[in-house]
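Notes follow the structure.
Read-outs: derived from the displayed coordinates by stated rules, not from any lab. These numbers come from a predicted model, not from an experiment. For neighbour counting, all protein chains shown are included, and Cβ atoms are generated from backbone atoms with ideal geometry for every residue, glycine included.
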There are 2 protein chains.
Amino acid sequence: MRVIDTVTELRAALDAERAAGRAVGLVPTMGALHEGHLSLVRRAVAECDVVCATVFVNPLQFGPHEDFDAYPRDLDTDAALAAGAGAALLFAPLTAEMFPAEPCTTVHVAGVSEGMEGASRPGHFDGVATIVTKLFAIAGPCRAYFGEKDFQQLAVVRQLVRDLSLPVDVVGCPTVRDVDGLALSSRNAYLTAEQRQSALVLHRALCAGAAAVAAGETDPATVAELMASIVAAEPEVQLDYAEAVDPRTLRRPAALDGEVRLLVAARVGTTRLIDNLGARTPGAAPNHDHHHPEQGATVPAARTDHQESH
Amino acid sequence: MRVIDTVTELRAALDAERAAGRAVGLVPTMGALHEGHLSLVRRAVAECDVVCATVFVNPLQFGPHEDFDAYPRDLDTDAALAAGAGAALLFAPLTAEMFPAEPCTTVHVAGVSEGMEGASRPGHFDGVATIVTKLFAIAGPCRAYFGEKDFQQLAVVRQLVRDLSLPVDVVGCPTVRDVDGLALSSRNAYLTAEQRQSALVLHRALCAGAAAVAAGETDPATVAELMASIVAAEPEVQLDYAEAVDPRTLRRPAALDGEVRLLVAARVGTTRLIDNLGARTPGAAPNHDHHHPEQGATVPAARTDHQESH
């Protein structure tokens, strides 16, 4: 695997691949790679001719009181993991390479960025949209892989690609979970053993919400309150939000009908965690649209929501 | 010349050109082509292997009370003119092709977009930055030609290309003027013969400002007031702003030193016109940076600021 740290080199390398007729897969990450990221790399390897993972802790998407400085960084380990999963290239630029001068340009996505993470983390999705637009501009035409773990982020990325006609196919991939249900996250590293145990309540709440939807509950507020009450019963965990929304608009509909997305965010100690799960009202046809993984994508040695729901 | 009206076709056509090793030149316009636009096409033809002009009256950059509906549209004439100037492709999409759904994404450029046009036309540069980012994403790697007539717009485009690492070389080209000094503009079509005569005061004011700078006036406020007073003497003309700024930051410096840009905006009847001119303090070395045209670029049968200043 070739590690590249300049914009010029990455552009030249991927242009050469495309010129040779090879399809490029891109896996943008902030590093601290875990099995969730590696499932994206493996999926990209299965579907593309050459895969580039990127590691860049994007300062634009952290708020002033968030964990930018503390965010885990270990490029050597990340490089070994990405190579092991089949990436041919790793783009790991310094901040000074990405931002030689203070940037003045912001990409803002209205609609799907509002509410939930957008409400809790002002400016977060502007930072995400801006860096993703920039990474796409550097990488050029490609398929880009994002985890459903950051479901609202995935919606923001899909929206900006559509609106700006970026030459990118966005592929959403299922959340990878530990065997006990905890969604993999680089921020899990902040948790003590006890906190980790408490954090399982997020997935429990989502499963209870999904079960209620499957059993016929169509009021999104009732489903949200059910999930909130389950999280509230865990003393170490401070709920931020629990929501039941339309997976396309990320808005709470008047009544749940068909595909539903359940999302929760909570603080466990000082660590903020998010999770989400798909649900379906009774009688709704299974959704085989582009939000869902294809049969070919498997993640060895880890449960995914895909495997759960089939 | 081939006229293309879909995003998919344009992308395929320009990808094929690049795959064949041909350099692409792009000339984004809102149509109503005049000698100024054609000078951009000719410059692009001289510097690139294949030139694509685009004609799209971008709704995003018009304010609610501006002239979007009245803006002149004549695709047949535009196509004939672009072909005559050497364009191989003309991209002229319908609004529904560019925006099949209400777009939610906005590209905002802080700094150079503030003040002057940014202050007078709220949202205008967001609309420009958004459509230019989208056109660049559709066109792919290219050299893109913009007129210095819209000097602040050119600065906005340069800034967003830098910040978002877009694979585009932005080329600024000198303003083309009629023999009496009036800068060519599609909006000149709105002027009566008398108003056209009154409008000459913009260029006169700029020339007086440049002469004052060349003669040693270093106070930007004094130069701005001089230009404002000349415009104010013309009864049919309502000044919007007159400014003397640093051409890189578009801010008024404490004292003029070296390269200076003079800009004016005014309403002539109901028609809003803008113009600008480069100036230089005494003893400053001529600026041969990328803001200035190269010797090879000539515009037949029309004066350009380039020719004036040499």
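Each principal axis of the range A:186-290 carries a Cα extent, and these read 41, 28, 19 Å when sorted largest first.
Taking the label point 7 Å along Cα→Cβ, B:PRO100 and its counterparts in the other copies are spaced 3.8 nm apart, in ascending order.
Net charge dipole, the protein assembly as shown: roughly 720 debye, given to the nearest 20, about the Cα centre with Cβ charges of +1 for Lys and Arg and -1 for Asp and Glu.
Just checking the output field for B:104-115: average partner chain Cβ neighbours within 10 Å of each residue's Cβ?
Values: counts 12, 16, 10, 10, 7, 4, 5, 4, 1, 2, 1, 0.
Counting Cβ atoms of other protein chains within 10 Å of each residue's Cβ and averaging gives 6.
Placing a label point 7 Å from Cα along the Cα-to-Cβ axis, B:ASP180 is separated from the same position in the other copies by 8.3 nm, shortest listed first. Protection proxy ranking for B:232-241, B:44-53, A:235-244, using the average of other Cβ atoms within 10 Å per residue and placing the highest first: B:44-53, A:235-244, B:232-241.
Counting only trypsin sites (Lys or Arg not before Pro) that sit in a DSSP loop (anything but H, G, I, E, B) with at most 16 other Cβ atoms within 10 Å, what is the longest stretch of chain B containing none of them? Before the final figure, lay out each step's value.
Numbers: sites that count: B:ARG22, B:ARG73, B:ARG248, B:ARG251.
Excluding the exposed sites themselves, the longest stretch runs over B:74-247.
For chain B, the orientation-averaged shadow of the C-alpha convex hull comes to 15.4 nm² (one quarter of the hull surface). Each pair of Cα atoms in the range A:2-176 enters the Kirkwood radius, and Stokes-Einstein at 10 °C and 1.306 mPa s then converts it into a translational diffusion coefficient of 97 µm²/s. Prolate is the label for the range B:78-167, because a/c, from the alpha-carbon gyration tensor with a ≥ b ≥ c as root eigenvalues, is 1.5 or above and a/b exceeds b/c. Among A:HIS108, A:HIS65, A:HIS37, the residue with the largest mean-square fluctuation in a Gaussian network model of chain A, with springs joining Cα atoms closer than 10 Å, is A:HIS65. For the segment B:130-140, counting C-beta atoms of other chains within 10 Å of every residue's C-beta and taking the mean gives 4. Taking the DSSP bridge list for the protein assembly as shown and keeping only pairs wholly inside it, about 55 percent are antiparallel.
What share of the DSSP beta bridges in chain B is antiparallel, in percent to the nearest 5?
On the way: 21 of 41 bridges.
Percentage antiparallel, nearest 5: 50.
What does the structure give for A:159-171 when I average, per residue, the other chain Cβ atoms found within 10 Å of the residue Cβ? Write down the numbers at each step before the final one.
Working: counts 4, 6, 2, 5, 13, 12, 12, 6, 6, 1, 0, 0, 0.
The mean count of partner-chain Cβ atoms within 10 Å per residue comes to 5.
Near the amide H of A:ALA144, within less than 5 Å, lie the amide hydrogens of A:LEU26, A:ASP169, A:VAL170, A:VAL171, all on another chain or at least 5 residues away, with H placed in the peptide plane.
For A:ARG121, no residue whose modelled amide H falls within less than 5 Å of its own remains once neighbours fewer than 5 places apart on the same chain are excluded.
In square nanometres, what is the average projected area of the Cα convex hull of the protein assembly as shown?
On the way: hull surface 119.3 nm².
If you wrap the Cα atoms of the protein assembly as shown in a convex hull and average its projections, you get 29.8 nm².
Proximity of backbone amide H atoms, modeled 1.01 Å from N, is registered between B:LEU184 and B:VAL176, B:ARG177, B:ASP178 at under 5 Å, excluding neighbours fewer than 5 places apart on the same chain. Dividing the mean sequence gap of close Cα pairs (under 8 Å, 6+ apart) by how many residues the range A:119-179 holds gives a relative contact order of 38 percent.
Across the identical copies, the 7 Å label point of A:GLU194, projected outward along Cα→Cβ, sits 8.7 nm from its counterparts, in ascending order. Just want the answer: with Cβ charges of +1 for Lys and Arg and -1 for Asp and Glu, which residue in A:GLY127, A:ALA221, A:VAL268 is farthest toward the dipole's positive end in chain A? Comparing the listed Cα positions along the dipole, A:GLY127 ranks first.
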